[in-house]
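Working notes, structure below.
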Amino acid sequence: MLAAGQALAAGIDLSKPYGDKYGCINRNGQEVAADQMLLVTDKELVTAASACTFTGKKTQADGSLVVKAQCEAEGEDGQSPTQFTIKRSAKNAKKLVVSDEDGNVMGEVSLCR
């Protein structure tokens with residue numbers, strides 16, 4: 001059973017960073033100020049206003065990845081638990097769509113070059 005789970009997990013490989021235009025530019029630190037930014041790595045999800053560290057990942061039957069994380073929001077003290085869903089884009093299999101725990105799409109990301 002474990003091998004099947006690992007085979008499905010290979011569908012979404014976060015060993016290399018994915019991001020939108022500004023997420024990829026800023027993947028090695030804040031190089032460009034951007035109001036809208038999304039970067040996903042195997043350990044974290046970063047937006048213009050928050051940084052989330054992954055605490056667990058689970059591959060679903062449909063191949064999507066549900067990620068549990070602790071997030072720090074800009075201007076707020078402490079961390080809060082949250083959950084994201086990462087799945088392949090229906091329009092472009094090379095892109096990933098990131099949604100929050102309420103199902104709101106946060107953005108679409110591509111493999112950073």
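The values are calculated or read from the model by the stated rules, or taken from the named source; none is laboratory data. Not measured: the values here are computed from a predicted model. Cβ atoms come from the backbone with ideal geometry, glycine included; neighbour counts cover every protein chain shown.
Summary table below
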item: Residue list for the stretch 71-108, filter: among the hydrophobic types (A, V, I, L, M, F, W, C) and either closer than 17 Å to LEU14 by Cβ or buried (at least 17 other Cβ atoms within 10 Å of the Cβ) (or both); result: CYS71, PHE84, ILE86, ALA93, LEU96, VAL97, VAL98, MET106
item: GLU44 being touching a helix residue (DSSP H, G or I) at 6+ places or on another chain (Cβ under 8 Å) and of a type in the set (D, E, K, R); result: no
item: Options LYS21, LYS68: the member that is among the charged types (D, E, K, R), under 17 Å from VAL97 (Cβ atoms), without any contact (Cβ under 8 Å) to a residue 24 or more places away in the chain and surrounded by 12 or more Cβ atoms within 10 Å (Cβ to Cβ); result: LYS21
item: Criterion (of a type in the set (Ser, Thr, Tyr) and in contact (Cβ under 8 Å) with a residue 12 or more places away in the chain) met by exactly one of SER99, SER80; result: SER99
item: Qualifying residue in the stretch 29-36 (condition: surrounded by 12 or more Cβ atoms within 10 Å (Cβ to Cβ) and modelled with pLDDT of 95 or more); result: no
item: Conditions (1) surrounded by 10 or more Cβ atoms within 10 Å (Cβ to Cβ); (2) among the charged types (D, E, K, R); (3) within 18 Å of SER15 (Cα to Cα); number of the one not met by ARG113; result: (1)
item: Members of the stretch 60-86 that are assigned to a loop (DSSP other than H, G, I, E, B) and within 17 Å of MET106 (Cβ to Cβ); result: SER64, GLU74
item: Residue check for GLU108: at pLDDT 95 or above and either outside any strand (DSSP E or B) or closer than 20 Å to ASP35 by Cβ (or both); result: yes
item: Looking only at the stretch 28-43, and only at residues there that are touching a Leu at 6+ places or on another chain (Cβ under 7 Å) and assigned to a loop (DSSP other than H, G, I, E, B), the one that is farthest from ALA73 (Cα to Cα); result: ASP42
